[in-house]
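So the structure is just underneath, and the comments pick up after that.
Here, each number is a calculation from the coordinates, and none is a lab measurement. Small disclaimer: the values here were computed from a predicted structure and weren't measured. Note that each Cβ is placed from the backbone with ideal geometry, even for glycine, and that neighbours are counted across all protein chains shown.
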Amino acid sequence: MFEFKKANDEIGVISLVKRARITGEMSANFRKWQETVDLKSCSTVIVDGNNIEFIDSMGIAALISIYKTVSAKGSDLILVNLSEEIKKLLNTLRLDRLFIIKNCSVVEAIKDLC
Amino acid sequence: MAEENYSFTVEPELYKIDAFSAKVSEIVRRTKGNETGFRAGLIVIEACSNIVKHGELKEDDLISVNLEVGEEEVTITIEDASTEFNPLKVDDPNLENIELLQKGGMGVYLIKRFSKRVDYRYENGKNLLKIII
């Protein structure tokens, strides 16, 4: 369900292989899965929201877990391709202070970092 | 636009609540647009998940949900027979502290922030939560 790839050896990209809702058990699986990938060696981690259909508070807690892993090494977490509704949800919780939320594609975000 | 009225019951399982939330989102989205549809789905999943996580429901207890899609407002009424729990008495989470935020309190906060009004009462052994979007 989740995919992790590296771009330019140091930028990690997390995406969903198909459109899904990050809620309940899926959130728990997402949290477990992120512990199995090498986020710590990334200078930046990008989460591609293209396939995130919906997210609830449990899904947001999973994103916070990724943020904690990434920020512990001084790296940034960038979220791209999010729907307007999900962006509003994250802003309501003031998580736009922690996550860098960009209105662009993964390719454009990587290009901006290089 | 005439008012649409729907009554549902949902089993207290997180995966069933997720599917139900998607259904409510879709019903509301059809006449009210993406944003209100998203809000309705979010409120349903947060309120019903709270009942499952904290309510000590028996296996055969069902959560009843009434959905009214009116011209001006969408009203969601959620009824359950679990232990008395008034979500309006839950303190808002400290948004400055992500450790605490991650542990809980986000759900009730989101229900309050994404609705126009929330009313709660405990009556005849049932929690009744009415949310107006």
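What the table shows:
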| item | result |
| --- | --- |
| Size-normalised alpha-carbon gyration radius of chain B, reference 2.2 N^0.38 Å | 1.02 |
| Order of A:MET58, A:MET1 under a 10 Å beta carbon neighbour criterion, fewest first | A:MET1, A:MET58 |
| Calculated on alpha-carbon atoms, Rg and Dmax of region B:1-77 in Å | 12.5, 40 |
| Taking B:ASP80, A:ASP96 and counting other C-beta atoms within 10 Å, the order from fewest to most | A:ASP96, B:ASP80 |
| Equivalent ellipsoid, region A:49-114 (semi-axes from 5 times Cα gyration tensor eigenvalues, Å) | 18, 16, 10 |
| Percent RCO, i.e. relative contact order, over region B:4-132, from Cα pairs under 8 Å lying at least 6 residues apart | 25 percent |
| Residues listed by number, region A:62-91, amide nitrogen under 12 Å from A:ASP112 label point at 7 Å toward C-beta | A:77-82 |
| Too-long pairs where the Cα-Cα distance tops 25 Å, listed order kept, from A:LYS68/A:LYS88; A:LYS5/A:LYS73; A:LYS40/A:LYS88 | A:LYS40/A:LYS88 |
| Chain B, helix-only ellipticity at 222 nm - DSSP H runs n ≥ 4, -39,500 (n - 2.57), divided by all residues, nearest 500 | -13000 deg cm²/dmol |
| Net lengthening on full extension, B:LYS58/B:GLU96 (0.36 nm per residue, minus Cα-Cα) | 10.0 nm |
| D_trans [Stokes-Einstein, Kirkwood Rh over alpha-carbon pairs] for chain A, 20 °C, 1.002 mPa s, µm² s⁻¹ | 154 µm²/s |
| Cα-Cα separations in the protein assembly as shown greater than 32 Å, expressed as whole percent | 24 percent |
| Ranked A:CYS114, A:CYS42, criterion: other C-beta atoms within 10 Å, fewest first | A:CYS114, A:CYS42 |
| Span from the region A:80-101 Cα centroid across to the region A:3-62 one, whole angstrom | 15 Å |
| Non-local Lys pairs in chain B, i.e. 8 or more apart or on different chains, that have alpha carbons under 20 Å apart | 21 |
| FRET efficiency, B:ASN86 to B:GLU11 (Cβ-Cβ, R0 22 Å, nearest 0.05) | 0.40 |
